[in-house]
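What follows draws every value from the coordinates through simple rules; no lab data is involved. These numbers were taken from a predicted model, which means no experiment stands behind them. Note: ideal-geometry Cβ built from the backbone for every residue, glycine included; neighbour counts use all protein chains shown.
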Ligand SMILES: Cc1cc2nc3c(=O)[nH]c(=O)nc-3n(C[C@H](O)[C@H](O)[C@H](O)COP(=O)(O)OP(=O)(O)OC[C@H]3O[C@@H](n4cnc5c(N)ncnc54)[C@H](O)[C@@H]3O)c2cc1C
């Protein structure tokens with residue numbers, strides 16, 4: 001493991017880092033590499049390695065990190081979250097992301113609807129106790145016709161009445177009725193039992209007229225599409241969710257149009273901070289593979305790390321890892337404590353760290369030469385995994401526009 005330039009980590013934080021790193025090295029990385037070679041649907045068969053990993057992550061208590069302590073969560077702070085995300089991302093980022101979104105319905109409902117006893121009993125308490133990965137969460141915001149549109153909270157586009165959700169909810173007495181389709185990009189979609197679902201309620205407000213609900217996915221009217229085939233992150237299962245007149249109790253609608261835009265920004269902030277930390281781990285993995293290989297491979301009669309051009313590439317990769325870690329760590333710390341945190345910090349960290357991960361994975365492949373392209377070596381997986389991150393949780397371009405909008409709003413000359 002390469003050093004972590006943070007001289008303020010406590011002994012407990014150092015111990016946590018070591019423990020999670022060991023898990024990432026012994027469990028996640030070998031599993032991620034093996035699952036990467038499988039058909040995505042085959043990887044999810046009962047008793048598979050994917051399920052084995054999922055259960056092991058539960059046993060480690062990673063599902064408790066974002067749940068408040070008084071509800072059985074582990075009560076970890078932002079630095080601990082960053083440490084866990086970086087190490088899991090270093091191991092295999094698809095499995096790490098599956099764990100990350102898993103907690104969304106239970107963890108966000110206690111923030112969006114504090115004291116919602118019905119959902120605390122129905123979902124949070126069973127989820128906290130679940131060490132078998134029987135309850136799995138996902139967040140559904142993207143639709144086949146609305147990707148970036150769903151995320152642009154804080155920009156004028158978000159309030160344009162001509163643009164609104166196609167998954168819609170209407171109130172009917174003590175229930176809400178939901179109809180429509182979420183896209184094939186829903187992470188954990190094929191295995192999830194509960195969704196944190198973003199729906200349209202008042203289309204006169206455009207995307208801002210939405211609502212956020214917890215939807216159990218075993219309700220009548222819910223169906224799922226096939227497991228998505230894609231480039232990279234093959235250990236993160238994804239697929240469509242369909243809703244046909246699905247009825248949920250009124251307590252399951254957590255947020256209405258009055259607070260929707262605020263909560264989209266909050267969720268995007270935390271999600272982007274998570275992505276920034278996870279992909280710092282991917283950038284570090286690429287650096288470490290490249291360093292190891294360059295110290296071993298001989299060309300021109302010497303180890304390639306003795307060629308100055310390779311040294312320059314390795315040094316640039318190192319600087320990118322350190323800056324990504326420093327930026328993502330303070331972004332996590334800030335966004336977890338300042339509510340609302342200015343969105344530009346979170347999206348900035350996500351855009352920066354995912355691009356760093358992609359650059360480092362690209363350089364690692366180059367340093368490996370032809371072997372870098374071979375599936376027998378680990379770095380082409382990193383390149384595919386990192387490429388997806390430039391689109392996931394918001395395309396870099398669109399997140400930059402959201403960040404610019406925050407910057408212009410919050411900067412007072
Ligand atoms: C690996 C992965 C995991 C994901 N997980 C989830 C998940 O768990 N849940 C979920 O709901 N979604 C998920 N997504 C979906 C993801 O959030 C969307 O793919 C993303 O927001 C982009 O939407 P889109 O793919 O529809 O692209 P589009 O929005 O169609 O964008 C296409 C292109 O147009 C550009 N563009 C779009 N709008 C503008 C604009 N206003 N100004 C300038 N340029 C613009 C974009 O930058 C992009 O280059 C995931 C995606 C990936 C790849």
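Listed values, structure above:
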{"quantity": "Candidates 136, 178, 163, ranked by Gaussian network fluctuation over the chain, Cα under 10 Å, top entry", "calculated": "163"}
{"quantity": "Among 40, 105, 68: highest mean-square fluctuation, GNM of the chain, C-alpha pairs under 10 Å", "calculated": "68"}
{"quantity": "0 to 90° range, to nearest 10: angle between helix 49-59 axis and the chain longest Cα axis", "calculated": "80 degrees"}
{"quantity": "Rg to Rh quotient for segment 157-211, alpha carbon positions, Kirkwood Rh", "calculated": "1.02"}
{"quantity": "P(r) of segment 261-410 over all Cα-Cα pairs, binned every 5 Å from zero, in whole percent", "calculated": "2, 11, 19, 19, 16, 11, 9, 6, 4, 2, 1, 0, 0"}
{"quantity": "For segment 1-67 and segment 138-184, distance of Cα centres in Å", "calculated": "33 Å"}
{"quantity": "Prolate/oblate/rounded call for segment 106-145, Cα gyration tensor, a/c under 1.5 rounded", "calculated": "oblate"}
{"quantity": "Proxy reagent accessibility, fewest Cβ within 10 Å first, across 130, 393, 11", "calculated": "11, 130, 393"}
{"quantity": "Convex hull volume of segment 137-259 per residue (C-alpha atoms, cubic angstrom)", "calculated": "102 Å³"}
{"quantity": "Packing-based ranking, highest mean first, of 290-298, 252-260 given that Cβ atoms within 10 Å are counted", "calculated": "252-260, 290-298"}
{"quantity": "In degrees, nearest ten, helix 396-410 long axis to first principal axis of the chain (Cα)", "calculated": "70 degrees"}
{"quantity": "For 113, 92, order by how many other beta-carbon atoms lie within 10 Å, fewest first", "calculated": "113, 92"}
{"quantity": "For the chain, radius of gyration divided by Kirkwood radius, i.e. Rg to Rh on alpha-carbons", "calculated": "0.97"}
{"quantity": "Segment 137-259: relative contact order as a whole-number percent, Cα under 8 Å and 6+ apart", "calculated": "31 percent"}
{"quantity": "Helix 11-23 vs. the chain, principal-axis angle (Cα, 0 to 90°, nearest 10)", "calculated": "90 degrees"}
{"quantity": "Share of alpha-carbon pairs per 10 Å distance bin for segment 333-413, given as whole %", "calculated": "18, 35, 25, 15, 6, 0"}
{"quantity": "Fluctuation leader among 261, 46, 132 - the chain, Gaussian network, Cα springs under 10 angstrom", "calculated": "46"}
{"quantity": "Gyration tensor over alpha-carbon atoms, segment 11-129, equivalent ellipsoid semi-axes in Å", "calculated": "26, 19, 10"}
